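Trainee: Let me give you the structure first, and then I'll get to my questions.
The values are calculated or read from the model by the stated rules, or taken from the named source; none is laboratory data. Computed from a predicted model, the values in this text were never measured in an experiment. Positions of Cβ are generated from backbone atoms using ideal geometry, with glycine treated the same way; all protein chains shown enter the neighbour counts.
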Amino acid sequence: MSVDQADLPAAASAKRRRSPGKTGSYRKKWADFAWGAALPVAVLLVWQWLGDRELISPLLFPTPRVIAESFVWLWNSGVLFENLGVSLYRTFAGFGLGAGLGLLLGLFVGLSRSVERLLDSTVQMVRMIPHISVTFLFVLWFGIGDTSKVLLIAKGCFFPLYIYTFLGIRNTDNKLFEVARVLGYSRFKQIVRLVLPATVPGIILGIRLSLAIAWVSLVVAEMMGASSGLGFLMMDARAMSDTPTVFVGIALFTLFGKITDSVVLFAERRLLAWREVHDG
């Protein structure tokens, strides 16, 4: 028997040993998902049980079955698809604008003391303005079209990215900058090779907070003045005492908020796979 042939059983055995590890990883993910879904599913089951026995008001708390039927009707009629598309456009346009500007300004302010002295105090003052108070001004200035909605969402998304980018740069070990200078890195090279990798954890946290604020801002903007979107659909349903439709809107906001947050978490695990962190 040749050496290669002798190694075949060992290789096959090693492959079999690796396979359970991958299977175990999938099982762990499904177990985590099951544990996370246990409480919401239990709440829905209890809610349905209470509704079937008329222990709660069907007007104030329609059962999950009724809400699901309302969702199907709205989807089949095309009303939900049309308004959902408008809301998604406003959310991601506002998030892209606000988060992008927050990231850029956070980099400039974090890298320069003179820029910090010039801009940071003004930015912090604007951050203290209550979000709900500028809604009326934006509607007054820009009308009830998409512009006011996008700008309001952008305002909310700007500050988390700005703050966490700024803090990520300032918390970077100064010795790394000294090494970069010794190696003759240009300013651009320092940003690409040192600053951005060092600030990735803070940037990702800022993105998660900005996305959460984007969905909240969308609800506020569309409820204060709009002629389309999920918030408008919910306000119109409230005026007609159509509570199931209101719950459909709430469920969709919750679902899309969770999806976007999960996407960012997935990206974080990929980008920061090298980190060793405590997993409980």
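Trainee: Out of all the residues in the range 139-158, which are part of a helix (DSSP H, G or I), touching a residue at least 40 places away in the same chain (Cβ under 8 Å) and over 25 Å from Arg208 (Cα atoms)?
Mentor: Within the range 139-158, Val139 is the sole residue that qualifies.
Trainee: Could you say which residue among Ala198, Ala267, Ala212 is without any contact (Cβ under 8 Å) to a residue 40 or more places away in the chain and of a type in the set (A, V, I, L, M, F, W, C)?
Mentor: Ala198
Trainee: Would you check if Val86 is crowded, with 16+ Cβ neighbours inside 10 Å and either in contact with a Phe, Trp or Tyr (Cβ under 6 Å, 6 or more places away or on another chain) or over 27 Å from Ile213 (Cα atoms) (or both)?
Mentor: Numbers: crowded, with 16+ Cβ neighbours inside 10 Å: yes; either in contact with a Phe, Trp or Tyr (Cβ under 6 Å, 6 or more places away or on another chain) or over 27 Å from Ile213 (Cα atoms) (or both): no.
For Val86, the condition - crowded, with 16+ Cβ neighbours inside 10 Å and either in contact with a Phe, Trp or Tyr (Cβ under 6 Å, 6 or more places away or on another chain) or over 27 Å from Ile213 (Cα atoms) (or both) - is not met.
Trainee: Given the options Leu80, Leu104, name the one that is part of a helix (DSSP H, G or I), under 24 Å from Thr260 (Cβ atoms), in the same structural domain as Ile259 (by TED's automatic domain parsing) and modelled with pLDDT under 90.
Mentor: Being part of a helix (DSSP H, G or I), under 24 Å from Thr260 (Cβ atoms), in the same structural domain as Ile259 (by TED's automatic domain parsing) and modelled with pLDDT under 90 holds for just one of Leu80, Leu104, which is Leu80.
Trainee: Taking Gly156 as the residue in question, decide whether it is at pLDDT below 90, buried (at least 20 other Cβ atoms within 10 Å of the Cβ), under 29 Å from Val264 (Cα atoms) and in the same structural domain as Phe232 (by TED's automatic domain parsing).
Mentor: no
Trainee: Which residue, of Leu183, Leu218, Leu255, Leu230, is closer than 30 Å to Phe33 by Cα and surrounded by fewer than 12 Cβ atoms within 10 Å (Cβ to Cβ)?
Mentor: That would be Leu255, the only listed residue that is closer than 30 Å to Phe33 by Cα and surrounded by fewer than 12 Cβ atoms within 10 Å (Cβ to Cβ).
Trainee: Failed condition for Thr199, given (1) buried (at least 18 other Cβ atoms within 10 Å of the Cβ); (2) within 22 Å of His131 (Cα to Cα), with all others met?
Mentor: Here Thr199 meets the rest and fails (2).
Trainee: Follow-up question, since we're still on this one. Look at the range 212-244 and say how many of its residues are part of a helix (DSSP H, G or I) and among the acidic types (Asp, Glu). I'd like the intermediate steps shown before the answer.
Mentor: Start the filter on the range 212-244 by keeping residues that are part of a helix (DSSP H, G or I), which leaves 212-224, 230-239, 243-244.
Subset that is among the acidic types (Asp, Glu): 222, 236.
Qualifying residue count, the range 212-244: 2.
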